[in-house]
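Trainee: Quick one: structure below, then a few questions.
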């Protein structure tokens, strides 16, 4: 797939995460009972980086969990073969916590819907907020992010790729154009 | 990672090593559900699993039911003794009826080898073999494999001893297929009269003395002596069997300190295993039951979770 445009370079990504980390602390008036939960795959390193930044600012350690939402997807019966399920690792009780869900791209909102259900099955958090690096629009559910790195207007024929050092070897966000019409699947 | 392309699970003989590893890797996330307060996932919501057991079962039927329910499916257990089978309805007609009643997955156990295959060729829904005669019991094989992997990390070079009535054991056959495909070395031990001729063609060593085999074993799977299948006089007495092939405290001492003692259940205490051996810290018999739920969840997810027309067989 040809790269159509670069939305963020490494510096942009670093600055966006820095701002998000400040907004999370400011909005929650500190970090008491705060925990981050990254949605697999690329939400996880983003959550870890945000937790690192918040921890530095506030001089404390922020807990990070990993959520796999495969069992909760609403499109399983449309997929073949079945996606591989990985372990969710939430090393703290979610009950009474302020949870910030972290994902790379917010698109239809279906991944976030699944993540909300998955999280609720683990307990009853005090509140759940959503932080995403990119909001590309085209929502199919009434879901919006509390913290957005960058709003990127896209067409459904485009794919937004968030590349992260931990997984892809570089920090970068690019838009690619699909040759066939997109089926509306989130990354 | 392998891609799952099977509509049915009839035996581990049909799976590649990669496919077996795929099921085992999915069983891990499924086992996580055990630790939750709310043991319920929406994954198979709207799907129906019907169990059709023509032979008695506690573990297999219960764990299939729990696995399907935790994944959100509806489960119907057909109690064969109280069904129209008692009025003379045939195996095939019973299965067709169960399918017409809305089954997405039929879990079947039958005394005749090949029964599950016959069913798979007859119905349009998925079929899981929960034991067919002395042929295979693939989900027991998978849970044994998962238990070994969980405790030992892997299979390559592991020495596993399977002791007992190899001839009548579908558990032994599924274990042999699975373990050899994954790179373990299998030794089957039992009385010569209960050793099927040609078993070594499956890639196992055959031994008739248990003590020597135990000394170097990483795990021993003690098979249940199927007393209900022993009316042919294939060995002199249960007492002699227990003395020669029973797992007892003294034999447990011969086992290496990190070896596993497994048993598919139900145990005949004092026959193939003594109470001391079953309660040995290395025994994982109840862990096997929990792992059985986890691997059956993984399997149901693979068979019923996705889109049907992507499946081959």
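The values are calculated or read from the model by the stated rules, or taken from the named source; none is laboratory data. These numbers were taken from a predicted model, which means no experiment stands behind them. Glycine also receives a Cβ, built like all others from the backbone with ideal geometry; neighbour counts cover every protein chain displayed.
Trainee: For region A:1-32, give me the residue count where each residue is part of a helix (DSSP H, G or I) and either in contact (Cβ under 8 Å) with a residue 24 or more places away in the chain or under 25 Å from residue A:168 (Cβ atoms) (or both).
Mentor: Residues flagged as part of a helix (DSSP H, G or I) and either in contact (Cβ under 8 Å) with a residue 24 or more places away in the chain or under 25 Å from residue A:168 (Cβ atoms) (or both) within region A:1-32 amount to 17.
Trainee: Could you tell me how many of the residues in region B:56-97 are under 25 Å from residue B:263 (Cα atoms) and surrounded by fewer than 14 Cβ atoms within 10 Å (Cβ to Cβ)?
Mentor: 2
Yes/no per residue for (1) away from chain A (no Cβ under 14 Å); (2) modelled with pLDDT under 95:
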{"residue": "B:277", "(1), (2)": "yes, no"}
{"residue": "B:280", "(1), (2)": "yes, no"}
{"residue": "B:283", "(1), (2)": "yes, no"}
{"residue": "B:290", "(1), (2)": "yes, no"}
{"residue": "B:296", "(1), (2)": "yes, no"}
{"residue": "B:300", "(1), (2)": "no, no"}
{"residue": "B:309", "(1), (2)": "no, yes"}
{"residue": "B:313", "(1), (2)": "no, yes"}
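Every residue, every condition in (1) farther than 29 Å from residue B:55 by Cα; (2) in the same structural domain as residue B:132 (by TED's automatic domain parsing); (3) free of Cβ contacts under 8 Å to residues at least 12 places away in the same chain, yes or no:
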residue: B:171; (1), (2), (3): no, no, no
residue: B:208; (1), (2), (3): yes, no, no
residue: B:237; (1), (2), (3): no, no, yes
residue: B:251; (1), (2), (3): yes, no, no
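Trainee: Residues that are without any contact (Cβ under 8 Å) to a residue 60 or more places away in the chain and under 17 Å from the mean Cα position of the chain (by Cα): does region B:38-49 have at least one?
Mentor: Within region B:38-49, none of the residues are without any contact (Cβ under 8 Å) to a residue 60 or more places away in the chain and under 17 Å from the mean Cα position of the chain (by Cα).
Trainee: Might you check whether a residue that is surrounded by fewer than 19 Cβ atoms within 10 Å (Cβ to Cβ), touching a strand residue (DSSP E or B) at 6+ places or on another chain (Cβ under 6 Å), away from chain A (no Cβ under 11 Å) and in a loop (DSSP other than H, G, I, E, B) occurs anywhere in region B:10-21?
Mentor: No, every residue in region B:10-21 fails to be surrounded by fewer than 19 Cβ atoms within 10 Å (Cβ to Cβ), touching a strand residue (DSSP E or B) at 6+ places or on another chain (Cβ under 6 Å), away from chain A (no Cβ under 11 Å) and in a loop (DSSP other than H, G, I, E, B).
Trainee: Separate question: Mind counting the residues in region B:220-235 that are outside any loop (DSSP other than H, G, I, E, B) and in contact (Cβ under 8 Å) with a residue 24 or more places away in the chain?
Mentor: The number of residues fulfilling the criteria is 5.
Trainee: Return a yes/no flag: does region A:152-163 have any residue that is under 18 Å from the mean Cα position of the chain (by Cα), at negative phi, more than 14 Å from chain B (Cβ to nearest Cβ) and surrounded by fewer than 17 Cβ atoms within 10 Å (Cβ to Cβ).
Mentor: Yes; the residues of region A:152-163 include at least one that is under 18 Å from the mean Cα position of the chain (by Cα), at negative phi, more than 14 Å from chain B (Cβ to nearest Cβ) and surrounded by fewer than 17 Cβ atoms within 10 Å (Cβ to Cβ).
Trainee: Could you grab me the full set of residues in region A:45-70 that are more than 14 Å from chain B (Cβ to nearest Cβ), assigned to a loop (DSSP other than H, G, I, E, B) and crowded, with 20+ Cβ neighbours inside 10 Å?
Mentor: A:62
Trainee: Mind telling me which of the residues A:42, A:73 ends up being away from chain B (no Cβ under 14 Å), in contact with a helix residue (DSSP H, G or I) (Cβ under 8 Å, 6 or more places away or on another chain) and touching a residue at least 40 places away in the same chain (Cβ under 8 Å)?
Mentor: A:42
Trainee: Checking residue A:27 against (1) closer than 23 Å to residue A:8 by Cβ; (2) more than 13 Å from chain B (Cβ to nearest Cβ); (3) surrounded by 16 or more Cβ atoms within 10 Å (Cβ to Cβ), which single condition isn't satisfied?
Mentor: Of everything listed in (1) closer than 23 Å to residue A:8 by Cβ; (2) more than 13 Å from chain B (Cβ to nearest Cβ); (3) surrounded by 16 or more Cβ atoms within 10 Å (Cβ to Cβ), residue A:27 misses just condition (3).
Trainee: Of the residues that make up region B:47-55, is at least one surrounded by 15 or more Cβ atoms within 10 Å (Cβ to Cβ), out of contact with any strand residue (DSSP E or B) (no Cβ under 6 Å at 6 or more places or on another chain), within 29 Å of residue B:224 (Cα to Cα) and more than 13 Å from chain A (Cβ to nearest Cβ)?
Mentor: no
Trainee: Would you pick out the residues in region B:134-156 that are surrounded by fewer than 24 Cβ atoms within 10 Å (Cβ to Cβ) and either out of contact with any strand residue (DSSP E or B) (no Cβ under 7 Å at 6 or more places or on another chain) or outside the structural domain of residue B:187 (by TED's automatic domain parsing) (or both)?
Mentor: B:134, B:135, B:149, B:150, B:152, B:153, B:154, B:155, B:156
Trainee: Let me ask another. Cβ contacts < 6 Å: first residue more than 14 Å from chain A (Cβ to nearest Cβ) and closer than 14 Å to residue B:299 by Cβ, restricted to region B:64-88; second residue buried (at least 22 other Cβ atoms within 10 Å of the Cβ) and at pLDDT 95 or above, any location; separation 6+ or different chain. Result?
Mentor: Correct list of pairs: B:64/B:51; B:64/B:107; B:64/B:296; B:66/B:293.
Trainee: Moving on. Give region A:94-125 a look and list any residue that's in a helix (DSSP H, G or I) and away from chain B (no Cβ under 14 Å), or say none.
Mentor: A:111, A:112
Trainee: Next up: For region B:237-247, give me each residue that is part of a loop (DSSP other than H, G, I, E, B) and surrounded by fewer than 17 Cβ atoms within 10 Å (Cβ to Cβ). Steps first, please.
Mentor: First, pick out the residues of region B:237-247 that are part of a loop (DSSP other than H, G, I, E, B): B:237, B:246.
Correct list: B:237 only.
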